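For reference, the structure discussed in these notes is given below.
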Amino acid sequence: MIAAHTPVQRPRDARLLIVDASGRIRHSARDAFVGLLKPHDLVIANDAATLPASLHGRHAPSGAVVEVRLAGRPSLALEFERASARPRQSGSERVAAEAGRSLLTADVHRFVAVVFGAGDFRTRTEDRPLPPKLAPGDRLELGPLSATVESLLDHPRLVSLRFDGAARDIWAGLATHGRPIQYAHVPAPLALWDVWTPIAAMPVAFEPPSAGFVLDWASIRAMHRRGVAFATLTLAAGISSTGDPDLDRRLPFDEPYRIPASTAAAIHEARRQGGRVVAIGTTVVRALEHAASGDGVQAGEGVANQRLGPASELRVVDAILSGTHEPDSSHYQLLRAFADDVTLADATAALEASGYRTHEFGDSVFVERRNRVVRQIAA
C-alpha cells in the first residue's frame with residue numbers, strides 16, 4: 001500500500017475494498033458506498049471537528065525548542081463564560097451583552113500531550129528527538145499561550161498539561177498559533193479546513209475522524225432516498241502515532257464522547273425494523289460499544305477506554321467503513337473484532353496488490369461483521 005500524500009478528502013479515483021459477512025472480497029469505487037446500504041440501516045458518523053493541536057514553542061527552564069501535540073482530554077465538559085454589562089452601556093449594548101451570557105465553550109484547560117524536541121512534521125515522527133527533561137511545574141511557552149506540566153505519564157514525552165488563562169483566550173491562542181497535527185507522508189503544510197469533515201461541529205478532536213471524509217451532503221441525501229437513516233455522535237479522536245513504539249502500544253488513549261438522545265433512539269428504531277448499524281470510522285465503534293448495555297445504547301457522556309480486538313464481542317455495530325490501516329496499527333486491531341485473521345490477511349493482500357492508498361487521505365474499506373467462529377493465522 002502507498003501513503004496518500006495529497007490532502008484531498010474526496011478524490012474522484014478513491015477506492016473501496018468490501019469484505020462482506022461471508023468473507024468475500026471485492027473492489028468498488030468509494031463514492032458508490034451508499035449502494036451497500038439497505039433500507040432501515042442506520043449510518044452513524046463522528047461529528048468532532050479537529051483542533052489545531054500542534055503547538056511550537058519553548059521549554060522555559062532550559063530554553064529548548066519543543067513541539068507540543070495535544071493528544072487527549074479528560075471529558076467533553078462545557079463551561080459557562082458570562083459577559084458582564086459595562087456601567088455606561090446603551091440599551092442595545094446591554095441586550096447584546098445579555099445575549100452573550102450563555103456563551104458555551106468546551107473546557108480547554110487540561111490535556112494529555114506528547115512533547116517532541118526541535119523539528120516539525122517534515123521529519124518522520126519516529127525520528128523526532130525527545131524533548132528536554134521535563135518535570136512537574138515546568139512552564140511551556142507556546143506562542144501566546146502558557147502551559148504548566150502538571151505531571152509526567154510514565155514516558156519522557158507524555159505529560160499532563162494545564163493552560164493558563166480564560167477559555168476564550170486559550171481558544172484564541174490555539175486558533176492563531178496552533179497547526180493541525182501532521183505527519184511526513186503529506187509534504188505540504190495542512191490547513192485546518194483540510195482536516196475538518198463536512199459534518200464537523202464541536203472542535204474536540206486532535207486528529208480528524210478521517211473516515212468521515214467520505215461523506216458529503218449528496219451522499220447523505222442518497223441515504224435518505226434509500227430509506228437509510230443518518231445520525232452523529234461526538235468523540236474526541238486521538239492521535240495515530242507518537243513516534244515511540246512503547247508509547248504507540250498504548251494507543252488509542254482514552255477518548256471522551258457524547259451520544260445524543262436522538263442517536264440512541266435511532267439505534268433502537270433501526271434494531272426494531274431489522275436494520276444494521278453502520279459506523280463511519282473506528283471512533284464511532286469505540287463510543288457505541290463502550291455505551292452499549294442490555295437496554296441498547298445509553299445516551300450521554302462517557303470515556304471510551306476499552307481496547308477492541310479479536311476477543312471483543314460487538315453488541316451494537318454491524319459494519320464499519322474505515323480507512324486502510326497497516327496490521328500493526330490500533331485501527332487494524334479494532335477491525336479484528338469484525339473479521340477473522342485469515343480474512344483480514346486476504347484483505348490486506350488485496351489492498352497491497354491493487355496499490356490502495358493508506359492514511360487519512362487514502363482509500364477505504366467496508367467490513368461487515370461476521371457471525372461465525374473466528375479463525376486465526378497460525379503463529
For the range 345-363, what are the residues that are under 13 Å from ILE25 (Cα atoms) and either surrounded by 22 or more Cβ atoms within 10 Å (Cβ to Cβ) or touching a helix residue (DSSP H, G or I) at 6+ places or on another chain (Cβ under 8 Å) (or both)? LEU351
Can you confirm whether ARG162 is under 11 Å from ALA113 (Cβ atoms), open to solvent by 30 Å² or more (accessible area, probe 1.4 Å) and of a type in the set (Lys, Arg)? yes
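Applying the selection to the range 277-299, what residues are in a loop (DSSP other than H, G, I, E, B) and over 15 Å from the mean Cα position of the chain (by Cα)?
Looking only at the range 277-299, we keep the residues that are in a loop (DSSP other than H, G, I, E, B), and these are 281, 291, 294-295, 298-299.
Within the range 277-299, ALA291, GLY294, ASP295, GLN298, ALA299 qualify.
What residue, of GLY274, GLY302, GLY309, is small (Gly, Ala, Ser), open to solvent by less than 70 Å² (accessible area, probe 1.4 Å), farther than 24 Å from GLY35 by Cα and in a loop (DSSP other than H, G, I, E, B)? Walk me through how you get there before you give the answer.
Values: GLY274 fails: farther than 24 Å from GLY35 by Cα; GLY302 fails: in a loop (DSSP other than H, G, I, E, B).
Just one listed residue meets the conditions, GLY309.
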Only one residue in THR324, THR234, THR263, THR242 is open to solvent by 10 Å² or more (accessible area, probe 1.4 Å) and under 30 Å from PRO11 (Cβ atoms), so which one is that? THR234
Look at ALA64 and say whether it is in contact (Cβ under 8 Å) with a residue 40 or more places away in the chain, surrounded by fewer than 16 Cβ atoms within 10 Å (Cβ to Cβ) and in contact with a strand residue (DSSP E or B) (Cβ under 8 Å, 6 or more places away or on another chain). yes
Of all residues in the range 1-39 being among the basic types (Lys, Arg), part of a loop (DSSP other than H, G, I, E, B) and within 30 Å of PRO189 (Cβ to Cβ), which is most open to solvent (accessible area, probe 1.4 Å)? ARG12
With respect to the numbered conditions (1) open to solvent by 30 Å² or more (accessible area, probe 1.4 Å); (2) assigned to a strand (DSSP E or B), which one is the sole condition not fulfilled by THR123? (2)
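Is there a residue in the range 196-217 that is exposed (fewer than 15 other Cβ atoms within 10 Å of the Cβ), part of a loop (DSSP other than H, G, I, E, B) and within 19 Å of the chain's Cα centre (by Cα)?
Keep residues of the range 196-217 that are exposed (fewer than 15 other Cβ atoms within 10 Å of the Cβ), which gives 201, 217.
Then drop every residue that is not part of a loop (DSSP other than H, G, I, E, B), which leaves 201.
Keeping just the survivors that are within 19 Å of the chain's Cα centre (by Cα) gives 201.
So far as the range 196-217 goes, yes, one or more of its residues are exposed (fewer than 15 other Cβ atoms within 10 Å of the Cβ), part of a loop (DSSP other than H, G, I, E, B) and within 19 Å of the chain's Cα centre (by Cα).
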Which condition number does GLU326 fail, the rest of (1) modelled with pLDDT of 90 or more; (2) closer than 30 Å to ASP246 by Cβ being met? (1)
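The values are calculated or read from the model by the stated rules, or taken from the named source; none is laboratory data. Small disclaimer: the values here were computed from a predicted structure and weren't measured. We place every Cβ from the backbone using ideal geometry, glycine too, and count neighbours over all the protein chains shown. Surface areas here come from the heavy atoms of the whole protein model, side chains and all, with no ligands, DNA or RNA. Shrake-Rupley method; radii C 1.70, N 1.55, O 1.52, S 1.80 Å.
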